[in-house]
Each structure stands twice: as structure tokens, then as C-alpha cells.
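Working notes, structure below.
The values are calculated or read from the model by the stated rules, or taken from the named source; none is laboratory data. Please read all numbers here as calculations on a predicted model, not as lab measurements. Positions of Cβ are backbone-derived with ideal geometry, glycine not excepted, and every protein chain shown enters the neighbour counts. Surface areas here come from the heavy atoms of the whole protein model, side chains and all, with no ligands, DNA or RNA. Shrake-Rupley method; radii C 1.70, N 1.55, O 1.52, S 1.80 Å.
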Amino acid sequence: MFKLIETDGRARRGIFETAHGTVQTPVFMNVGTKAAIKGGLDAFDLKAVGCQVELSNTYHLHLRPGEDIVASLGGLHGFMNWDGPVLTDSGGFQVFSLATLRKITEEGVSFSSHIDGRKIFMGPEESIRIQSSLGSDIAMAFDECVQNPSPYEYVKLSCERTYRWLVRCRDELSRIKAAGRCVNPGQMLWGINQGGVSEELRADNMKAIAALDLPGYAIGGLAVGESTEEMYRIIDVVEPLMPPDRPRYLMGVGTPGNIIEGVARGIDFFDCVLPARNARHGHLYTREGRINLNNQKYAADPLPIDPVCGCPVCRTHSRAYVRHLLRAEEVLGLRLCVMHNLWFYNNLMAEIRTAIEENRFCRFREEYSEKFDKRL
RNA sequence: GUGGGUGUAGCUCAGCUGGUUAGAGUACCAGGUUGUGGCCCUGGGGGUCAUCGGUUCGAAACCGAUCACCCACC
């Protein structure tokens, strides 16, 4: 399903087949948590900004509108009229970041909904059943994402339990497929590596989950409190232990600089709320670095957000106009800013892919990393 | 016209019986935000305390006059 077509150092240029089309990697997945891109973008807009894979969230869609409704409308693809690949996050992260009163046991997690406070239980089987109803092409394992730093003993306990949960996820998906009641018969399960910032736990866990021979692997539990240098150190430990013929997904990362560094370390898939969230706050990406469009100096600026950008927004609107929309709290301002930032990220990935194909990724990395992230 | 009330940051208001450099919220200016609660956090600039005079060692505060606005009654 995953085919490497070119490498440049550790950077990989690949093609990944899903039940809803082919993905050119490295790729950035566009985040539509509740089956919608925040800021008012729909499936047509996703095409316009160059999105290849849409990412939705199990926890949020389980709470509202509920997976049965989504399934009855043809899964996420039919529900939101997106015919491309979809990945669903398992809800593990949200159970720990949003829900209150949670209690973790070997079975799973009991918690209160952040919407109405009602008691909910979610374990590996529940998460997979929900994701099956959502009909995503890639279902993620139900895991616990511990904050960094956390005590070694707890991280060890947690990531061993997450491994057992992964086995249960795999078995549940097999049962559902065997029963023949799938919204998406081509749905696959990816495993997630955990282990905090411990190289030993990370390596042991990666070896264990690699042995399960899953169609894809993610590195989770990063960008959750540790320094950027620690994050790169952990990737450097885990990546050599990941099966080379399977896609690698660095969850929740990151800045353009983080992504370039991730690609340089052999990562193929990324997702992050940052471009959309920053867009909503008027922080926009340009070829020369990030600008804050709320700044007064742009109040009468006739230039587009990024003068060298080819996105639909930059071809049409001035900084002054988009800034005004943001200040006036017009929803159009959010929409235009999100479109620009997502286009920027998707375009960055296209440039990365071309650079790898042309064997000049190293130069590309040197040239742009510093502009995108001063911490590099 | 008579009686009462209110004037403090762009806006809404705190500021006790007089006591260091007059505060808050909001707005404004600028940072932050990594498997998304359009949220939140952090810093900054900004005031002849309506005006004029008086009492006092010391007044945004007490007294008087003036001006503006509000309410009630004529």
C-alpha cells in the first residue's frame, strides 16, 4: 500500500494508497475535528487549498452528532461530501485534554463529556467501533497521551497499557470486518508509539508495535510539553526502528520548521492545528516568515498576505482588507486566513516533495528552516 | 422655574471617615499558542480626576460658584 519512490538522505518521497485515493507523501493532513475545517471551509475549499487528507476526531464526533448519524449518511465521506482520504484520530488525546473526571483502568477510560457532563466510557473497542461507523480510511489506535515530563514509572505503565489497547484495537477491527458490517471495508488501523521522553521506553515500544505488522505507524506523545530538541531526539531514536515500507506519521506536529525537520528524519505524515489556529488569530505564514496581520502596520497595506503566494486569497485580497475583516470580527476574515495558511502548508509539502525528487532537499532545508522557526 | 442626582482612561465604572507614583474591566498596542472549546495566557501605552476658586502640612475625596447631562415636580 505504501511505495517509496525516492529518498534523499533520510527524507522519503512516497505514494500511499487508500480506499479513497492516493496520497503523495510527505503530506500534511488538514484538520477538520468535527467534520468541518474551523473558519468555514467545506470540502470544495479543501480541494482549493490543495488538501490531500482530511482528519476528523472520534471523541468530538461521538459526542456530537454521534457516529450512527454519520454512518447513516455514508460515513464521513458522504456526510461532509469529501471524496478523498480521511484519517480519524482515536479520541485518546481528547479524553485526556478535554474530558473531566476521568478514570483510567485496564479496560479504558470513564469520563464526563466536556459538552454536557454526561458519563461516557471509551476503550479500544469503543473507539474502533466508532471509527468504523465514521468510515475513515485510516483509524488510529486508542492510546493514552501523557504530558511531558511525567514520572518514568507512570510513562512505563501507561505505554505498556497502550500497547495492550493497540492489540485490542486490531482485534476489534478484525471482528468488525469479519462480520461484514463496515461503512468502509478498506479501513485500516495505524499503531501509535508512546514512551514519553525516555529513549528506552520509546525503543521498546516501537519494536513491540512494529512486530504487529500494521499498515502504518505514528509517533504520538510529542509536542506535548517537551522541548523541540527533545522531540527531535526522540524521533531520532524511534524512526530507525519503524518499518521502512510503512508510512510514518508524527502526530500533532507542527510548525513549518518542525515539519521540515521531521521530513529530514524520515517522517511521511503530519497534522497540526497550528496553521488553522494561527490563522484565526491573524498569524499568517509567508515565504519570509510569519506575520501578525492584526498589527497596525498592515492597516492600509495594499499587498497580498504573501506577495509570492499563489493561493486564492493572495490572488484576490489585500492585507488591509483581510485585517479589517479580522478586526471587525467578520467570519469571512477567519475563512480567508485559514484558507491562506492551509494552502501555505499544503504548498510547503508540495515543494518538499519536489525537492526530494530532485535530490536537493538538504539545500531546501537549510534555506527555509530558519525562516519558519527561529528555534532551529 | 423648583428640588434631587451624576461628572475619574476612548467606553463602563471602583476609589471607605482627606494621606506614597489614581485603579479595574473593555477597547487600543504588542508577544505566546503543536493528535483544535473562534478560547485562553503574558506584557505595554493611555487620565489638566468637568472648570474655577476656597479649607488643609496634604484634596479625585470637604466647601462655594460655574458648566454639562439625568430624574422628579411645576
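Which is the longest part of chain A that has none of the GluC sites (Glu not before Pro) sitting in a DSSP loop with at most 11 other Cβ atoms within 10 Å?
By the stated rule (loop sites, at most 11 other Cβ atoms within 10 Å), A:107-287.
Students sometimes get this wrong: rank A:Arg248, A:Arg170, A:Arg265 by accessible area, probe 1.4 Å, all chains present, largest first.
Working: A:Arg248 10, A:Arg170 85, A:Arg265 30 Å².
I get A:Arg170, A:Arg265, A:Arg248, largest accessible area first.
What distance in nm separates the simple spin-label points at A:Arg363 and A:Ser174, each placed 7 Å from Cα in the Cβ direction?
5.0 nm
Looking at chain A, what % of its DSSP beta bridges pair antiparallel, to the nearest 5? Please list the in-between numbers first.
On the way: 23 of 45 bridges.
Here the antiparallel bridges make up roughly 50 percent for chain A.
Output ³J(HN,Hα) for the range A:227-232: one whole-Hz value per residue in order, computed from phi by the Karplus curve 6.51 cos²θ - 1.76 cosθ + 1.60 with θ = phi - 60°, and x for Gly and Pro.
6, 4, 4, 5, 4, 5
Helix-derived [θ] at 222 nm for chain A: sum -39500 (n - 2.57) over DSSP H runs of at least 4, divide by residue count, nearest 500?
Values: 14 runs with 156 residues, N = 376.
Helices in chain A give a 222 nm mean residue ellipticity of -12500 deg cm²/dmol.
Send over a whole-number figure in Å² for the accessible area per residue of the range A:225-282, probe 1.4 Å.
Details: 1590 Å² over 58 residues.
Result: 27 Å² of accessible area for each residue.
If you take every residue apart from A:Phe44 with its C-beta less than 13 Å away from the C-beta of A:Phe44, what net charge results, scoring Lys and Arg +1 and Asp and Glu -1? If you can, show how the numbers build up before the last one.
Details: positive: A:Lys47, A:Arg335; negative: A:Asp42, A:Asp45, A:Glu54, A:Asp83.
Charge balance in the 13 Å sphere: -2.
Got a sec? What order do A:His324, A:His20 fall in by accessible area at 1.4 Å, biggest, i.e. largest, first?
Working: A:His324 105, A:His20 60 Å².
Heavy-atom accessible area, descending, gives A:His324, A:His20.
Please state the relative contact order of chain A as a whole percent: Cα pairs under 8 Å, 6+ residues apart? Please report the intermediate quantities before stating the final value.
Values: 754 pairs, mean separation 68.1, N = 376.
Here the relative contact order equals 18 percent.
When the Kirkwood radius is taken over all Cα pairs of chain A, what Stokes-Einstein diffusion coefficient follows at 25 °C and 0.890 mPa s, in µm²/s? Show your work: numbers first, answer last.
Working: Rh = 21.1 Å.
Value of D from the Cα-based Kirkwood radius: 116 µm²/s.
How much length is gained on full extension from A:Gln296 to A:Ala320, taking 0.36 nm per residue of separation minus their Cα-Cα distance?
Details: separation 24, 0.36 × 24 = 8.64 nm, distance 0.96 nm.
Result: 7.7 nm gained on full extension.
With 28 Å as the limit, write out which pairs from A:Lys34/A:Lys119; A:Lys38/A:Lys207; A:Lys3/A:Lys38 have Cα-Cα distances beyond it, or answer none. If you can, show how the numbers build up before the last one.
Details: A:Lys34/A:Lys119 20 Å; A:Lys38/A:Lys207 37 Å; A:Lys3/A:Lys38 32 Å.
Flagged as over cut-off: A:Lys38/A:Lys207; A:Lys3/A:Lys38.
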